[in-house]
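Working notes, beginning with the structure itself.
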Amino acid sequence: MPTNGTSRPGRRAAILAGLRTPFVKSGGDFADLSAVDLGATLVNELLARAGIPASEYDAVVFGQVIPSPLVSLIAREVVLRTQLPKNVEAHTVSRACATSIQAATDAADQITLGHADVVLAGGAESLSDAPIFASRPLARAIVGASRARRVVDKARAFAGLSARDLTPVPPALQEPTTGLTMGQSAEKMAQVNGISRAAQDQFAYLSHRRAADAWKAGRFDGEVMHVAVPPRYERVSGKDNIVREDTTPEALAELKPVFDKRYGTITAGNSSPLTDGAAAIVVTSEEKAKALGLRPLGYVRAYAYAALDPSDQLLQGPAYAAPIALDRAGLSLRDMDLVDMHEAFAAQVLSNLQAFGSRKFAEEKLGRSAPLGEIDPARLNVNGGSIALGHPFAATGARMILATLRELGRRNGAHALLTVCAAGALGAALVLDGPDATA
Ligand SMILES: CC(C)(COP(=O)(O)OP(=O)(O)OC[C@H]1O[C@@H](n2cnc3c(N)ncnc32)[C@H](O)[C@@H]1OP(=O)(O)O)[C@@H](O)C(=O)NCCC(=O)NCCS
């Protein structure tokens, strides 16, 4: 368990700007764009909008959760495919669904340490372009054939392959240690914590309602760019296409469970969908922001990552990470004007909220005498979340940071807490300060 140290040494990391593509159901408008295409398109537009000369950027931290074998280092590739100078160094990160939280905290660390003044952090995911593998026997045969000199030996390498060996293999959806998919793990959490189907559907309904209202009120204007849709480039995608303005609790209640067809409660409606998209932010020092004459959207105040045993409740990481991040921030849950929890599944959010408020959980799992507390629903995921907006794995964290800081600005709020659960039973939590909050 990480220590809860409260000191916050070093320079204050400011978030100056950010942008995302629309989040689009995979197999749809972005089906012909790879993650690096999406990342480069986004970063070029962000560079044009951020008001910072390209020569000022020191580094890029960028992530992708399901990487393409054709692009092993998406961060550097993003530099090379954009207007950034070729001498901008870059590294790729992955922390499953918390990948662009990791990119943001890496960037903030570089600023805090004084190693960099301007860092671009984000992530892109194309689940339309997920790599498909050859089976082990077929892969061995292909390698054998490539090494063979004579045609007859090349042909012989394929002898003995069965029809099954020729079947393409998709990326693993199961956790290697538990053998359960994310959906099955969320189903287990719903059962253990007694989260009803009705409660999940109501939560999913609210996610859509709030996201639809946010779009209608123009609250996402300025943070979502337009992307020309290949291959003809005659159409433009300018809006998330998963948000359902017309969904109802009744329509959600009609959907069949997906991960446990007989007894389950998790459906396509109360899960985050498979999504394509990209998001990024620009992180600088407070001094650099002043020198550039730009007003920050806000600041990174503190963060924490935590992990639990995957055979326990796989997606409960936020309940472990949030208390540590708040301790490091020197703040409590009550001080938060906004809380944004990544919605992998409604059951996962509701399970984490239950743990936040549980004395038993605090005592037994965290060794703390008091629970973290209840979250006022009026402050939670106020503009919807990943269920309605979609979840391009590596882009979600940057989307949350950007949207939360903009909302904090609209409300003149001081502090916000962000949490993300991630594969491997990891949890991430980030405490952000609004532009006028004191450090
Ligand atoms: C749950 C999952 C399997 C569903 O995939 P899918 O079957 O392609 O989902 P669809 O969007 O086609 O939805 C299925 C049906 O539900 C309906 N539906 C989905 N959301 C709805 C809503 N909010 N209201 C009403 N109907 C809805 C769709 O219209 C569709 O109906 P149809 O079959 O009549 O066309 C997929 O989204 C998934 O795997 N999600 C989890 C991803 C994951 O594990 N992420 C990691 C966690 S961080």
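The values are calculated or read from the model by the stated rules, or taken from the named source; none is laboratory data. Worth saying up front: this structure is predicted, and the values here are computed from it rather than measured. Cβ: placed from backbone, ideal geometry, glycine included. Neighbour counts: every protein chain shown. Ligands, DNA and RNA are excluded from the accessible area calculation, which covers all protein heavy atoms including side chains. Shrake-Rupley method; radii C 1.70, N 1.55, O 1.52, S 1.80 Å.
Overview of values
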read-out	value
Condition check for V79: touching a strand residue (DSSP E or B) at 6+ places or on another chain (Cβ under 7 Å), open to solvent by less than 60 Å² (accessible area, probe 1.4 Å) and assigned to a loop (DSSP other than H, G, I, E, B)	no
Close pairs (7 angstrom Cβ cut-off, 6 or more residues apart or separate chains): under 19 Å from P296 (Cβ atoms) in region 29-53, part of a loop (DSSP other than H, G, I, E, B) and open to solvent by less than 20 Å² (accessible area, probe 1.4 Å) anywhere	L47/T82; L47/L84
Breaking point among (1) within 30 Å of Y57 (Cβ to Cβ); (2) surrounded by fewer than 24 Cβ atoms within 10 Å (Cβ to Cβ), for A325	(2)
Enumeration of residues in region 91-107 that are among the hydroxyl-bearing types (S, T, Y) and assigned to a strand (DSSP E or B)	T92
Matching residues in region 376-396 - criterion: being open to solvent by 30 Å² or more (accessible area, probe 1.4 Å) and touching a strand residue (DSSP E or B) at 6+ places or on another chain (Cβ under 6 Å)	R379, F393
Filtered residue count, region 13-43, keeping only those that are in a strand (DSSP E or B), among the aliphatic types (A, V, I, L, M) and within 16 Å of the ligand (Cβ to nearest atom)	1
Subset of region 360-386 [farther than 27 Å from D213 by Cβ, of a type outside the set (S, T, Y) and outside any helix (DSSP H, G or I)]	G367, R368, A370, P371, L372
Residue identified as modelled with pLDDT of 95 or more, over 30 Å from D29 (Cα atoms) and away from the ligand (no atom under 16 Å from the Cβ) among L338, L350, L314	L338
Residue list for region 327-377, restricted to those being of a type in the set (K, R) and either touching a Ser or Thr at 6+ places or on another chain (Cβ under 7 Å) or closer than 26 Å to A437 by Cβ (or both)	R328, R334, R368
Counted residues, region 160-178 - those being in contact (Cβ under 8 Å) with a residue 40 or more places away in the chain and either within 15 Å of the ligand (Cβ to nearest atom) or assigned to a helix (DSSP H, G or I) (or both)	4
Given (1) under 15 Å from T419 (Cα atoms); (2) in contact with an Asp or Glu (Cβ under 6 Å, 6 or more places away or on another chain); (3) of a type in the set (F, W, Y), number of the condition Y299 does not satisfy	(1)
Selected residue (only one of R399, R406 is open to solvent by 30 Å² or more (accessible area, probe 1.4 Å), within 22 Å of I15 (Cα to Cα) and part of a helix (DSSP H, G or I))	R406
Candidate set from region 400-419 (those that are among the hydrophobic types (A, V, I, L, M, F, W, C) and under 18 Å from S332 (Cα atoms)); member that is nearest to the ligand (Cβ to nearest atom)	L418
Scan of region 214-249 for residues that are touching a Pro at 6+ places or on another chain (Cβ under 7 Å) and aliphatic (A, V, I, L, M), ordered by number	V224, V227, I242
Residue ID - least open to solvent (accessible area, probe 1.4 Å), chosen from residues in region 53-75 that are β-branched (V, I, T) and touching a Lys or Arg at 6+ places or on another chain (Cβ under 9 Å)	V60
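Residue-wise test of (1) in a helix (DSSP H, G or I); (2) over 28 Å from A428 (Cβ atoms); (3) hydrophobic (A, V, I, L, M, F, W, C).
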residue: E45; (1), (2), (3): yes, no, no
residue: V61; (1), (2), (3): no, no, yes
residue: D109; (1), (2), (3): yes, no, no
residue: E125; (1), (2), (3): no, no, no
